[in-house]
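Engineer: A single structure is presented below for examination.
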Amino acid sequence: MFCLMILVFASVAFLAQDPVSYAKPESWLCRPGRTDACSIDLTTTALSANGSRKVETWASARNPAVDCFYVYPTVSRDTASYSDMQAGDEERDVVRTQFARFGSICRQYAPLYRQVTVPGLGRMFASPQSGLSMNRGTNYDDVLAAWNYYLANDNKGRGVVLISHSQGSYILDELIRSEIDGKPAQSLVVSALLIGANVAVPKGKEVGGSFQSMPLCRRDDQTGCVISFVSFRSTVPPSSRALFGRVGGEGMQAACTNPAALGGGRRPLRGYFSAAPSIFERTVLSPHRWVRQDPQVATPFVSVPGLVSGECVADSLGSRLVLTVHADTADPRADDIPGDIGAPGSATRAQWGMHLVDMSATLGDLVAVVTKQASVFKAPPAAPARPQSAAIPRLANGKPDMNGIWRAFGNDHYDIEPHNARGALAWRDGPVVPIPAAEVVAMGAVGSVPSGRGIVVSGKIPYTPAALAKREENRRDWLSRDPEIKCYLPGVPRANYMPFPFQVFQSTSAFFIAYEYAGATRNVLLKNPGPPEVDSWMGQSVGAWDGDTFVVTVNGFNADSWFDRAGNHHTEALKVVERWTMTGPDHIRYEATMEDPQTFTRPWVVRITLYRDVDPDARLGQFKCVEFVEELLYGHLRKNPVAPTTAAPIKP
Amino acid sequence: MQTPRRFLTRAFVAGVLAASATALEAQARPAAVPRTPDGRPDLQGNWSNATMTPLERAPGLSRALTREQVAAREKGRSDLKESTSQAIDPNRSAPPKGGDGSTGAAGNVGGYNYFFIDAGDHIAFVNGEFRSSMIVDPDNGRLPPLTPAARAWAQERAARRRGMGQYDNPEQRPLAERCIMSFGSNAGPPMIPNGFYNNNYTIVQTKDHVMIMTEMVHDARIIRMGRPTPTSPDVRPWMGVSFGRWQGDTLVVETSNVHPLQVLSQNAFLNAALGATDSLRVVERFHMVRPNVILYRFTVNDPLNFTAPWSGELPMIKMDEQIYEYACHEGNYALSNILSGARAMERDTAAAKKPNPNR
């Protein structure tokens, strides 16, 4: 069944994997003021149980007060794991079934993005090592870029409804956490509809799980809130291996807000289903028969009042919107709706539920709630598009004041990609499995590597094949190659997440960083002196303010610094763009985008939080390690070399 | 001597010190200096303290040099620069075995000539005088005598040193050769020009810190403003622990806890060095006399080393050039070469002593 569904789309390889420019009209599926995927016929036939038919027309809003920003679910059938930027029938179809109808409320923005494709999703489930992720990769990077483009160029202080399904919801969940929740942009959000994904909320509470300041919507006149649910049939409850309805974390559960009954309870749902064949609803090859007798419905959409009701249920199986179908086999109307993933009776059904119609089955209710929310939403004062947060210290010139001693948490300096704990950084063959290299055995547990969630936003660094081979070589030959072992200058961004703090000296005319490790320094020039005259370890840094974010462009590197202790490397062509944003008085969100076409197939990003040393007597220590490596580097050149001692066997 | 990887900053604002008449006038009245938003003199920017004036006064000179003495010295420097800037005869013969016999930083085997060196082109001009030494107290312009204890330590170190060859171990080599610190007391305290090159500093001033980065070995001195908080005597960073305060328009910095190997002259672990003792206290005063001149004064009090405190002064001159990365250790082939050269020499000597089996 699944295979039959695959339509052949020309899979155009995405040649240059650069950041997507959302200034290009073709990077959007929908934008206001043009004819595109959102400009479609939404006429609906309402089918009553008694067989009577009523045709409902539909019109877009004339002068909508708010905007909608939509991120679509996994639909792309491109064969690669990430989709290209060519809109296919599948992207247009999902806009048609999930998003177009919101045009009665808002101006519509729907970015095309390089999502994890349907084949990619298969690879993701098949292998935890695939490096594919629902919210870390080009999918997230592209949506973030689109959101930032929208904010900078289109928003102009208007309210915005965030709408997404499945992969789109995992992306927006991350984007809200990083960019919106508790931040100035939150004041723009009318509501967020994160459907078909697990959003965490503490049991019995409305906020404090996935989001710290955006609660669940419990009334339709409530704004700035979140609507989220996953749907399952009443007759096929989620199994223990269900993908939806359960979240990790002590005391957390998956959010469920029934758009037909935000306060709770069971209500009939006002769905809008595709009457024409739909790729997303999987009715392409076998159109759903909505009525027993001919003629079949002639309009592109159909509604079936009273056929389906919904209720949020939370029990040991998970929290989900339970869809109950109230079929009457005697009436001329269909007795069921499409939307399951998996064949009847299969385990897949109890894993995925009614994922394909999460939105179709509730669309009329979602539109009604958002209509009410938009009518009561008060746009924030027009003045600063980025309202200043009072909590952030500022200099006399109004710029965020980053003076202080900072450091990163975590073990990412060992390996910036996600990794398990492992026994050593240097290895040799053992009788059963590899064992730590002789040089590091004596270090025992102190020489082992703690695990890390990874700070590369896309999970894996997008190396060219040759550069990846070099990384593997670097790992094998770590002891002689890692510049940190020799106390060499760390380079950027490695200096910022080493296990040493650094101090920022910032005035209205200067921005200087002194690192504890190796006494490295960077003078971030506020006046661009032009291209760097020489290559250096720490590069030439030129800084400028983008609102409250300090953006530092670093280039003029030599090829000798690394990104971590795991052999990740670059060439002289490296350009790093850092974004330093204070998210509070004691936190900086730090992002660095790496570009080096000789090493990477596309730019990639690391993202970390920097924490202030809040001790009133905080001081930067000194780690001038050059003298500490003299025996390593020069010991063999002594007049009388000191014989290497063998560690005495340790008795238990 | 190690070769610096970076040798781009040869900056010196020529003529500032020589413009004596203007300087005299300027110092006679309070000068308008740039100020930070909180009203302090704004010392930020890049500065050089390169000068021809030495730390200690040569015998027979008075504190102030005459205009003739200054002119002769500056012309001598200028001629040296001129002569070493000439193109070299490509057909010249190899240097004589054992070196050309010259002295100074270039050594006697033909290392750097003055073309590569920037030790200042001018005599320091302070308070209307061209100075023969940085030291102004004691009056004779020379370091006070060492204490008997310090002399004893120096003798002990000399005795140990005599027991081994000077190239036997890396720890015997000077700090600058090992890329640990600049030559002499460049990074301070006190901050004294190294007599060689790259005597450049970057100052950044915030409401609660003054940071002074020394170009050589990129050493950032971090001076905290305000009341000092205690530091364990076991914590001794290379440039000590510094606290600063404003006395009117003068930045006063007091430093203790200086690393015992941070020294006032080019030294190594076993040399008869003036290494900091735990009694060392340094007071430095930064006073901007003109927008492009800071008068830098310092007093060193180390009663375990010296029989009296001593003080000096010299100008720091603003420069409008960039300071580049001085990555010393990363390209330090010199130390390996010095040590392996000594080992090769030892092998040659040993081979020469052995009877030739073919004879």
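What follows is calculated from the coordinates using simple rules that are stated; it is not laboratory data. From a predicted model like this one, the values you see are computed outputs, not experimental measurements. Cβ: placed from backbone, ideal geometry, glycine included. Neighbour counts: every protein chain shown.
Engineer: With N denoting the number of residues in chain A, provide Rg(C-alpha) divided by 2.2 N^0.38 Å, to two decimal places. Mind showing how you got there, number by number?
Structural biologist: Numbers: Rg = 27.9 Å, N = 652, 2.2 N^0.38 = 25.8 Å.
Normalised Rg, Cα atoms only: 1.08.
Engineer: Between A:Val642 and B:Glu68, what FRET efficiency comes out of the Förster formula 1/(1 + (r/R0)^6) with R0 = 60 Å and r the beta carbon distance, rounded to 0.05?
Structural biologist: Working: r = 58 Å, r/R0 = 0.96.
E(calc), rounded to 0.05, equals 0.55.
Engineer: To continue, here is another question. Got a sec? How would A:Ile341, A:Ile105 order by Cβ neighbour count within 10 Å, fewest to most? Before the final figure, lay out each step's value.
Structural biologist: Details: A:Ile341 16, A:Ile105 24.
So the ranking, lowest neighbour count to highest, is A:Ile341, A:Ile105.
Engineer: At a temperature of 37 °C and a viscosity of 0.692 mPa s, determine how fast region B:294-359 diffuses translationally according to Stokes-Einstein, using the Kirkwood radius over alpha-carbon pairs as Rh; express D in µm²/s, rounded to the nearest whole number. Could the numbers behind the result be given before it?
Structural biologist: Details: Rh = 18.3 Å.
Answer from the Stokes-Einstein relation: 180 µm²/s.
Engineer: Next question, about the same structure. Give the span of region A:451-522's Cα atoms along each principal axis, as three whole-Å numbers ordered largest to smallest.
Structural biologist: Largest first, region A:451-522 extends 45, 29, 25 Å along its Cα principal axes.
Engineer: As an exercise, find the ratio Rg/Rh for region B:158-310 from alpha-carbon atoms, using the Kirkwood inverse-distance average for Rh. Intermediate values should be presented prior to the final figure.
Structural biologist: On the way: Rg = 16.2 Å, Rh = 16.4 Å.
Across region B:158-310, the Cα-based Rg/Rh ratio is 0.99.
Engineer: Considering every pair of different Cα atoms, what Kirkwood radius, in Å, is found for region B:112-194?
Structural biologist: Values: mean 1/r = 0.0611 Å⁻¹.
Hydrodynamic radius (Kirkwood, Cα pairs) of region B:112-194 is 16.4 Å.
Engineer: Shifting gears a bit: May I ask you to give the average projected area over all directions of the convex hull of the Cα atoms of region A:517-596, in nm² rounded to one decimal? Mind dumping the intermediate values first?
Structural biologist: On the way: hull surface 25.2 nm².
Across all orientations, region A:517-596 yields a mean hull projection of 6.3 nm².
Engineer: Using only the Cα atoms, what convex hull volume per residue in Å³ does region A:448-583 have?
Structural biologist: Values: hull volume 18.8 nm³, N = 136.
So the per-residue hull volume is 139 Å³.
Engineer: In what sequence do A:Thr45, A:Thr329, A:Thr79 fall when counting other Cβ within 10 Å, fewest first? Show your work: numbers first, answer last.
Structural biologist: On the way: A:Thr45 20, A:Thr329 6, A:Thr79 14.
Ranked by crowding around the Cβ, least crowded first: A:Thr329, A:Thr79, A:Thr45.
Engineer: So for region A:277-406, what are the equivalent ellipsoid semi-axes in whole Å, largest first, each being the square root of 5 times an eigenvalue of the Cα gyration tensor? Intermediate results must be reported in sequence, preceding the final value.
Structural biologist: Details: eigenvalues 456, 87, 47 Å².
Over the Cα atoms of region A:277-406, the ellipsoid semi-axes are 48, 21, 15 Å.
Engineer: What stretch of chain A, leaving out the sites themselves, is the longest with no chymotrypsin sites (Phe, Trp or Tyr not before Pro) in a DSSP loop having at most 14 other Cβ atoms within 10 Å? Numbers along the way, then the final one.
Structural biologist: Values: sites that count: A:Phe2, A:Phe409.
Between the exposed loop sites, the longest stretch runs A:3-408.
Engineer: Between A:Tyr82 and residues 5 or more places away or on another chain, which pairs have amide H atoms under 5 Å apart, with H built 1.01 Å from N, and which residues are they?
Structural biologist: A:Thr117
Engineer: Can you flag which of A:Lys639/B:Lys354; A:Lys205/A:Lys372; A:Lys399/A:Lys624 are past 30 Å Cα-Cα? Could you put the intermediate results ahead of the total?
Structural biologist: On the way: A:Lys639/B:Lys354 19 Å; A:Lys205/A:Lys372 24 Å; A:Lys399/A:Lys624 32 Å.
Long pairs (Cα-Cα over 30 Å): A:Lys399/A:Lys624.
Engineer: Can you list which of the trypsin sites (Lys or Arg not before Pro) found in region A:248-303 are DSSP loop residues with at most 13 other C-beta atoms within 10 Å? Spell out each step's value before the answer.
Structural biologist: Working: sites: A:Arg266, A:Arg270, A:Arg282, A:Arg289, A:Arg292; in loops: A:Arg266, A:Arg270, A:Arg282, A:Arg289, A:Arg292.
Answer by residue number: A:Arg289, A:Arg292.
Engineer: Sticking with this one: In peptide A:510-521, how many Cβ atoms from other protein chains are near each Cβ within 10 Å, on average? List each step's numbers first, then the result.
Structural biologist: On the way: counts 8, 1, 9, 2, 9, 2, 0, 0, 4, 8, 4, 10.
Per-residue shielding by partner chains comes out at 5.
Engineer: Can you list residues from other chains, or at least 5 along the same chain, whose modelled amide H is less than 5 Å from the amide H of B:Val126?
Structural biologist: Hits under the 5 Å cutoff: B:Arg131.
Engineer: Could you put A:Ile405, B:Ile88, B:Ile203 in order, starting from the residue whose Cβ has the fewest other Cβ atoms within 10 Å?
Structural biologist: Numbers: A:Ile405 20, B:Ile88 9, B:Ile203 24.
Listing A:Ile405, B:Ile88, B:Ile203 from fewest to most nearby Cβ atoms yields B:Ile88, A:Ile405, B:Ile203.
Engineer: Need one number for region A:185-324: average projected area of the convex hull over its C-alpha atoms, nm². It would help to have the intermediate numbers written out before the result.
Structural biologist: Working: hull surface 41.9 nm².
Across all orientations, region A:185-324 yields a mean hull projection of 10.5 nm².
Engineer: Treating only the Cα positions of region A:93-241 as identical point scatterers, give the base-10 log of I(q)/I(0) from the Debye formula at each q in 0.12, 0.15 Å⁻¹.
Structural biologist: -0.55, -0.87
Engineer: Please list 3J(HN,Hα) in residue order for region A:46-52, calculated via the Karplus relation 6.51 cos²θ - 1.76 cosθ + 1.60 where θ = phi - 60°; whole Hz, with x for glycine and proline.
Structural biologist: Residue by residue, region A:46-52 yields 8, 9, 7, 4, 7, x, 6 Hz.
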